[in-house]
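The numbers here are math on the coordinates, done by the rules we state, and not lab data. These figures come from a predicted structure and were not determined experimentally. As a convention, Cβ positions derive from the backbone with ideal geometry for all residues, glycine included, and neighbour counts pool all protein chains shown.
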């Protein structure tokens, strides 16, 4: 598996894996109907200086969309066929490295698999909210890197 910047030619694969991953997590929501929302998010984020990184190995396995200036993770998704293989951890490591001051995100409060992943990644609960698209309760989480070790004098 390798990580690389998103290219516009990746869009069909990225959209398909996003729909598949989110449909697996929330079968009660039609994510295909939200394709325009995701496309607009990608375009707006790119204009604002956000980064999109994909993981690939015989096709795209996942992606992460984050804004280093705002220290905010917008989206992370891994294809169902690649889940449990360390793809999300590698993508998260990329986002954390680009955001040395920390990283925040919003997650659906009932997305227990995601919450467990973020907990393993060192995120802590910071607040609550409501998802503007679904109306579902969300949690705001933040990762703060540990202080750098002091060098001996």
Q | Mean ellipticity per residue at 222 nm, deg cm²/dmol - from DSSP H runs of n ≥ 4 across the chain, formula -39500 (n - 2.57) | A | -10000 deg cm²/dmol
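Which order results if 1, 92 are arranged by neighbouring Cβ count within 10 Å, fewest first? Provide the component values of the computation, followed by the final result.
Numbers: 1 13, 92 23.
By the 10 Å Cβ count, ascending, the order reads 1, 92.
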Q) Gaussian network model of the chain, Cα springs within a sub-10 Å range: biggest mean-square fluctuation belongs to which of 21, 109, 33? A) 33
Q: Please give the contour-minus-distance gain from residue 11 to residue 125: 0.36 nm per residue of separation, less the Cα-Cα distance, rounded to one decimal in nm.
A: 37.8 nm
Q: Could you tell me the largest-minus-smallest coordinate of the C-alpha atoms of the chain on each of the three principal axes, in descending order and whole angstroms?
A: 58, 35, 32
Q: For residue 148 and residue 23, compute 0.36 nm times the residue count separating them, minus their Cα-Cα distance, and round to one decimal in nm.
A: 41.0 nm
Q: State, to one decimal in nm, how far the label point of residue 39 lies from the label point of residue 140, with both points 7 Å from Cα in the Cβ direction.
A: 3.1 nm
Q | Percent antiparallel among DSSP beta bridges (both partners in the stretch 2-143, rounded to 5) | A | 95 percent
Q. Could you state the number of Å between the C-alpha centres of the stretch 1-57 and the stretch 94-153?
A. 20 Å
